[in-house]
Amino acid sequence: MKLKPLGDHIVVKPLEEEVVKKGGIIIPDTAKEKPQKGEVVAVGPGKTLDNGQKKPMEVKVGDKIIHQKYGGTEIKIDDEEYIIMNEDDVLAIIE
C-alpha cells in the first residue's frame, strides 16, 4: 500500500532506540519510551498559504528527523508502524 499525505503532512517510520542499557539490562517493549526519531517515507505537497501559494516542504523523503514526543497519529499498514504528522511537529533533521 502506498500513502500520499495531503497538505503539510508527512509519513514517518519510527526508528527504534537501543534496547540494552548499561550493565546489559534488557528493557521489555512495554517499558520502552516512544521513539522520537524517525525516517521520512512520504511528504505532502506543502501548506497552502492565504494568498493561494504553496509553502515548500523543508523535509524530504529519506531525511532522518527528531519529532515531538506525542505528535502525530500512529497507524499500522502491512504490519509496519508509521506516524502521520504535520511538518510543524518536526523539531530537527539529523545530518
Worksheet item: Within the range 46-73, restricting attention to residues that are among the acidic types (Asp, Glu) and closer than 12 Å to ILE10 by Cα, which residue is modelled with the highest pLDDT?
Response: ASP63
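Hey, can you tell me all the residues within the range 62-71 that are in a loop (DSSP other than H, G, I, E, B) and not basic (Lys, Arg)?
GLY62, ASP63, GLN68, TYR70, GLY71
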Worksheet item: If the Cβ limit is 9 Å and pairs must be 6+ apart or interchain, which residue in the range 55-70 that is small (Gly, Ala, Ser) pairs with which residue that is surrounded by 11 or more Cβ atoms within 10 Å (Cβ to Cβ)?
Response: GLY62/GLU39; GLY62/VAL40; GLY62/VAL41
Item to complete: Would you be able to say whether some residue in the range 54-61 is surrounded by 12 or more Cβ atoms within 10 Å (Cβ to Cβ), β-branched (Val, Ile, Thr), touching a helix residue (DSSP H, G or I) at 6+ places or on another chain (Cβ under 9 Å) and outside any loop (DSSP other than H, G, I, E, B)?
Response: no
Discussion item. VAL11 - would you say it is farther than 14 Å from LEU91 by Cα, part of a strand (DSSP E or B) and modelled with pLDDT of 90 or more?
Written reply: yes
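The values are calculated or read from the model by the stated rules, or taken from the named source; none is laboratory data. No experiment lies behind these values; they were computed from the predicted model shown. When we count neighbours, we look across all protein chains shown, and the Cβ atoms used for this are built from the backbone with ideal geometry, even at glycine.
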